[in-house]
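Undergrad: Here's a structure for you.
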Amino acid sequence: MAFQMLSGVDVVEFNAAGIFATAGFSNGKLAAITVGLVQFVAAGLGCVLMDKVGRRILLWPAALGMCVSLVTLGVYFLIYIPPKDGGSTSDTVSMLSSISHSVPAKDISWLSILCIVLFNLMFSLAWGPVAWLVMAEINPLRVRGFACSLAALTNWSMAFVVTYTYNSMVNALTIQGTYWVYAGISFLGFLFVYFLLPETKGKTLEEIEAIFNKDKHNYERID
């Protein structure tokens with residue numbers, strides 16, 4: 001649940017309209033509708049796939065996809081030339097001390113849009129719905145109520161942390177550096193799922209509990 005929010009999903013969604021505007025889309029509603037439509041389709045697809053292909057196979061590739069999209073979005077902010085007040089995007093600016101970048105925002109607008117769409121697609125396909133399902137499945141019945149409440153508290157606490165620290169991170173690390181931090185956290189989420197999270201697809205709650213308690217004998221399924 002921590003990785004779900006620390007991936008920066010709220011930041012990407014909150015800034016989507018501004019990024020779309022930089023890319024040449026002045027209609028913020030169109031940007032919001034586009035992102036919302038992608039999330040709707042991906043979430044519906046995720047609900048179908050999680051019981052067919054499994055939880056892990058959705059989570060770890062999605063984490064890599066989120067990581068790649070955030071890294072690329074950071075590269076976009078590193079190399080693009082923001083439009084001046086007059087609307088001209090042809091001037092060259094120096095963004096590093098010894099490297100001059102001369103890529104107008106309008107020439108690579110597709111890159112920022114692709115990154116936002118890909119990130120929301122990957123998140124809504126897996127980390128949005130599947131994380132909540134796994135959270136309920138892996139907790140034993142005797143502590144499920146408390147554990148699920150704690151997980152929800154963690155989720156919303158991390159959402160607050162990400163929102164509260166965003167401007168400070170941008171000031172300290174630049175906007176591209178901030179997105180690269182979120183990309184690193186998404187990669188840590190990939191490692192966590194790949195090495196530590198068991199597959200719960202097709203298992204009863206008793207069988208899932210037995211995975212975490214090696215002292216117990218395997219439960220016999222009763223059909």
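The values are calculated or read from the model by the stated rules, or taken from the named source; none is laboratory data. Everything numeric in this text was worked out from a predicted model, so none of it was measured. Cβ coordinates were reconstructed from backbone atoms using ideal geometry, including for glycine residues, and neighbour counts include every protein chain displayed. The accessibility values were calculated without ligands, DNA or RNA, using every heavy atom of the protein model including side chains. Shrake-Rupley method; radii C 1.70, N 1.55, O 1.52, S 1.80 Å.
Undergrad: Starting from the Cα gyration tensor of the range 141-191, take the square roots of the eigenvalues, sort them a ≥ b ≥ c, and report rounded, prolate or oblate (rounded when a/c is under 1.5, otherwise prolate if a/b is larger than b/c, else oblate). Display every interim value, and only then the final one.
TA: Values: a/c = 6.56, a/b = 2.07, b/c = 3.17.
Oblate, since a/c reaches 1.5 and b/c is not below a/b.
Undergrad: Using 0.36 nm per residue, how much length does the chain from K52 to L188 gain when fully extended, once their Cα-Cα distance is taken away? Before the final figure, lay out the partial values.
TA: Numbers: separation 136, 0.36 × 136 = 48.96 nm, distance 2.54 nm.
Result for the pair: 46.4 nm of gain on full extension.
Undergrad: Starting from the Cα of D10, step 7 Å along the direction of its Cβ; do the same at L205; then give the gap between the two resulting points in nm.
TA: 3.0
Undergrad: Using mean Cβ contacts within 10 Å as the protection proxy, how do 12-19, 56-63 order, highest first?
TA: On the way: 12-19: 17.6, 56-63: 21.4.
Answer by packing, highest mean first, reads 56-63, 12-19.
Undergrad: Still on this structure, please answer the following. Need the full-extension length gain, W156 to L197, defined as separation in residues times 0.36 nm minus the C-alpha distance. One decimal, nm. Numbers along the way, then the final one.
TA: Values: separation 41, 0.36 × 41 = 14.76 nm, distance 2.15 nm.
Computed gain between W156 and L197 is 12.6 nm.
Undergrad: If you don't mind, another one. If one computes the Cα centroid of the range 120-161 and of the range 165-186, what distance in Å separates the two points?
TA: Distance between centres, Cα-based: 24 Å.
Undergrad: Skip the ligands, DNA and RNA, and give the accessible area per residue of the range 107-200 with a 1.4 Å probe, whole Å².
TA: 50
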